[in-house]
Amino acid sequence: HGYTITLSDVRLATDQDKARVEGEKLLEDGMQFLAEQSAQSARLQAVDKFQQSLNFFRAAKDQDKEAQAFYCISYTYTLLAEFPKAEAAAEQGMPLAKAAGNQHTEAYLLDQLGSSFYYRGERTKALEFYLRALSLRSQAAPVGLANTLNNIAMVYAWTGEPRKASSS
């Protein structure tokens with residue numbers, strides 16, 4: 001039961017390939033900071049790694065990964081309760097996710113915008129973003145659907161509409 005492996009289309013790594021790999025390493029480093037510690041200093045280090053990755057993804061012309069990095073930045077700023085920065089990062093990622101055709105990341109960015117407004121007490125504005133995310137997830141990006149539905153239910157529960165919350 002031997003296997004034969006044949007390599008075809010072998011080429012040297014381009015500058016774009018190298019930049020993409022460096023960007024992915026930085027994203028992974030940032031995720032490690034988030035996973036290992038909840039201290040503010042670790043979260044700030046994570047943001048720094050995510051921001052560094054942006055330059056590499058731009059050099060690689062990888063809008064999809066760049067949008068994902070903006071999501072990571074937005075998520076981390078939300079954890080730090082730096083909501084204007086979280087919103088700015090998510091808004092920067094939106095057109096990139098759209099251009100890359102990644103509805104999954106686009107939905108996560110919309111959820112992230114909603115969460116930022118939710119934690120600031122702007123429940124109606126949060127609901128707008130959650131419903132937009134739900135629309136995308138219902139169409140083509142079902143991963144994360146439960147999270148989006150939970151976010152919508154939380155808004156309805158907070159706004160005194162428990163029937164809508166239980167049907168979300």
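The values are calculated or read from the model by the stated rules, or taken from the named source; none is laboratory data. Keep in mind that what you see is a predicted model, and the values were worked out from it rather than measured. Note: ideal-geometry Cβ built from the backbone for every residue, glycine included; neighbour counts use all protein chains shown. Only protein heavy atoms, including side chains, enter the accessible area calculation; ligands, DNA and RNA are left aside. Shrake-Rupley method; radii C 1.70, N 1.55, O 1.52, S 1.80 Å.
Look at PHE33 and say whether it is at pLDDT 95 or above and of a type outside the set (S, T, N, Q). Taking the combined requirement at face value, the residue does not satisfy it. Scanning segment 114-131 for residues that are polar (S, T, N, Q), under 13 Å from ALA153 (Cα atoms) and buried (at least 21 other Cβ atoms within 10 Å of the Cβ) yields one hit, SER115.
Meeting the requirement of 1 or more residues that are touching a Gly at 6+ places or on another chain (Cβ under 9 Å) and more than 17 Å from PHE70 (Cβ to Cβ), the helices (runs of 4 or more DSSP H) wholly within segment 96-164 are 123-139, 145-158. Consider only pairs whose beta carbons are under 7 Å apart and that are at least six residues apart or on different chains; among these, list those whose first residue lies in segment 1-29 and is farther than 26 Å from THR76 by Cα and whose second residue is in a loop (DSSP other than H, G, I, E, B). Pairs that qualify, where the first residue is farther than 26 Å from THR76 by Cα and the partner is in a loop (DSSP other than H, G, I, E, B), are GLN16/ALA60; GLN16/LYS61. Applying the criterion of being assigned to a helix (DSSP H, G or I), open to solvent by less than 30 Å² (accessible area, probe 1.4 Å) and of a type in the set (Gly, Ala, Ser) to the residues of segment 38-77, the residue that is farthest from MET94 (Cα to Cα) is ALA42.
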